[in-house]
Structure formats: structure tokens, C-alpha cells
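Student: There's a structure below that I have some questions on.
The values are calculated or read from the model by the stated rules, or taken from the named source; none is laboratory data. Note that this is a predicted model, so its numbers are computed, not measured. Note that we place each Cβ from the backbone using ideal geometry, even for glycine, and neighbour counts take in every protein chain shown.
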Amino acid sequence: MKVMMINGSPNREGCTYTALREVARSLEEDGIETELVHIGTQPIQGCAACGTCKRTRSRVCVFDGDSVNRIKEKVAGADGLVLGAPVHFASISGAMSTFLDRFFYSGGAFAYKPGAAVVSARRGGTTAALDQINKYFTITNMVVVGSQYWNMVHGNTPEEVRQDLEGMQTMRTLGRNMAWLLRCLDAGRAQGVKLPEPEARVRTNFIRNT
């Protein structure tokens, strides 16, 4: 089994990376393979609402000049997903927000896979940023993985993050929880437990003509 981890910080090996690596170590100790990818520092095109991904059912975004499609291809074969981002102005980084909008909107094999959010901050804004990431999971039928506290670390440098003993323990617990859930899902499949049968999608607008 494999978990893909996405680092949405502009710093490849900064505070967010430090938190994700602690989750990864915990997963690997439980026998789960991990791969950590960085969204990069090049500009990421925002969603233009062109609808091409929906019309063609390709699950590929028409904008192919940045990291979105490349990373999505990697995630397609993974059993779980961990998204990490720094807190900028009480929300996730702008690049990560743009990345995730296209990553999820263009569709993919996300349903019923475990997903976990990880955020890093010097001080505040963490719970708002966590909520932002978790919304991507809960609109795509993913299973949200928690820990013994909210999935956050604090520090202005990787060294300070490593001194956040509670935060690092939270990361390790998150890794163990995800490993346990992956094994539960695998055991269920082995026993013939089927995925829920989806209903035909209903879309309701809130404006009514009277």
C-alpha cells in the first residue's frame, strides 16, 4: 500500500515538509510506502471554469504547463493522500489553493480513499486552514483521517517545528491512524465488503421562480 503526500509550501524542505516527513516515517514504520512530492515554485494556473475536464471526462486539466496533472497522475495509483500546506493569512498558501481547486475539480479516483490535512504555522490561522483542506476531502467522498489533536505544527523554522513535541507526536499518531485505516479497508475488501452504491447525482439550485 502507498500514500502520496503533497507539499504545498513554496519551501521544498521547510516547516510543512518537516511535518509531512514525520507522518511519512510513522507510515513507513507500519509498512506503508510513501512518496512526497512538491508542487513547486513556478506559477500555477487558476481554474478558468472552461469545463473541458467535465465534457471530455478525461480527469485531466486542459492547462498542462504546471504540476497539477503530473502530480494527479501519481496520486491516481495511491491508496491514501496527505495534503500539507503552510498558513498564509489564516488560510492555506495561494499556490496550494489554486493547485487543489484544479486537482479536485478536474476529477479523479479519490472516493473512499483516506485523506489527511497537515498545516504548519508560526502562530495562528491553523484551524481555518485545516478546515479549508478538509472540504476538498468531504466533497469527494474521501475518508478524513484525524489524530489526537488537530493536524498542525508550530514553528518558524524546521528546527522550531521539531521542538513542537506535541505537534510532532500528533504527526506520528496521524501516520499510525492512516496505516490502521488502510489495513481495515484492505481487510474489508478481502472479505468482499463493497463500496457504497452511489445514487444518481441531484443538483438543487436555491433560486426558485414564483
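Student: What number of residues within region 14-34 are more than 16 Å from residue 172 (Cβ to Cβ) and touching a helix residue (DSSP H, G or I) at 6+ places or on another chain (Cβ under 7 Å)?
Tutor: Number satisfying all stated conditions: 2.
Student: For the structure I just gave you, tell me whether residue 146 is exposed (fewer than 11 other Cβ atoms within 10 Å of the Cβ), at pLDDT 95 or above and in a loop (DSSP other than H, G, I, E, B).
Tutor: no
Student: Scan region 8-53 residue by residue and report those that are out of contact with any strand residue (DSSP E or B) (no Cβ under 9 Å at 6 or more places or on another chain), surrounded by 13 or more Cβ atoms within 10 Å (Cβ to Cβ) and either among the polar types (S, T, N, Q) or within 22 Å of residue 111 (Cβ to Cβ) (or both).
Tutor: 26, 45, 47, 52, 53
Student: Hey, another quick one. State yes or no: is residue 121 in contact (Cβ under 8 Å) with a residue 24 or more places away in the chain, under 19 Å from residue 30 (Cα atoms) and crowded, with 16+ Cβ neighbours inside 10 Å? Before the answer, list the steps.
Tutor: Details: in contact (Cβ under 8 Å) with a residue 24 or more places away in the chain: yes; under 19 Å from residue 30 (Cα atoms): no; crowded, with 16+ Cβ neighbours inside 10 Å: yes.
For residue 121, the condition - in contact (Cβ under 8 Å) with a residue 24 or more places away in the chain, under 19 Å from residue 30 (Cα atoms) and crowded, with 16+ Cβ neighbours inside 10 Å - is not met.
Student: Okay, next question. Does residue 80 meet the test of being at pLDDT 95 or above and surrounded by fewer than 17 Cβ atoms within 10 Å (Cβ to Cβ)?
Tutor: For residue 80, the condition - at pLDDT 95 or above and surrounded by fewer than 17 Cβ atoms within 10 Å (Cβ to Cβ) - is not met.
Student: Checking the condition within 25 Å of residue 131 (Cβ to Cβ), of a type in the set (Lys, Arg) and at pLDDT below 95, which residue from 172, 176, 201, 208 passes?
Tutor: 201
Student: Which is crowded, with 19+ Cβ neighbours inside 10 Å and not in a loop (DSSP other than H, G, I, E, B), of 188, 175?
Tutor: Going through 188, 175 in turn, the sole match is 175.
Student: Looking at region 59-75, is at least one residue touching a residue at least 40 places away in the same chain (Cβ under 8 Å), among the hydrophobic types (A, V, I, L, M, F, W, C) and closer than 27 Å to residue 128 by Cα?
Tutor: Initial filter on region 59-75 (touching a residue at least 40 places away in the same chain (Cβ under 8 Å)): 59-61, 71, 74-75.
Applying the additional criterion that residues be among the hydrophobic types (A, V, I, L, M, F, W, C) yields 60-61, 71, 75.
Keeping just the survivors that are closer than 27 Å to residue 128 by Cα gives 71, 75.
Yes, region 59-75 has at least one match.
Student: Considering only region 15-23, I want to know if a residue exists there that is in contact with a His (Cβ under 9 Å, 6 or more places away or on another chain) and either at negative phi or free of Cβ contacts under 8 Å to residues at least 12 places away in the same chain (or both).
Tutor: Scanning region 15-23 turns up at least one residue that is in contact with a His (Cβ under 9 Å, 6 or more places away or on another chain) and either at negative phi or free of Cβ contacts under 8 Å to residues at least 12 places away in the same chain (or both).
Student: Which number in (1) surrounded by 20 or more Cβ atoms within 10 Å (Cβ to Cβ); (2) of a type in the set (A, V, I, L, M, F, W, C); (3) under 19 Å from residue 15 (Cα atoms) marks the one condition that residue 89 misses?
Tutor: (1)
Student: Just need a number here: residues in region 149-164 that are in a helix (DSSP H, G or I) and either free of Cβ contacts under 8 Å to residues at least 12 places away in the same chain or surrounded by fewer than 20 Cβ atoms within 10 Å (Cβ to Cβ) (or both).
Tutor: Within region 149-164, residues that are in a helix (DSSP H, G or I) and either free of Cβ contacts under 8 Å to residues at least 12 places away in the same chain or surrounded by fewer than 20 Cβ atoms within 10 Å (Cβ to Cβ) (or both) number 5.
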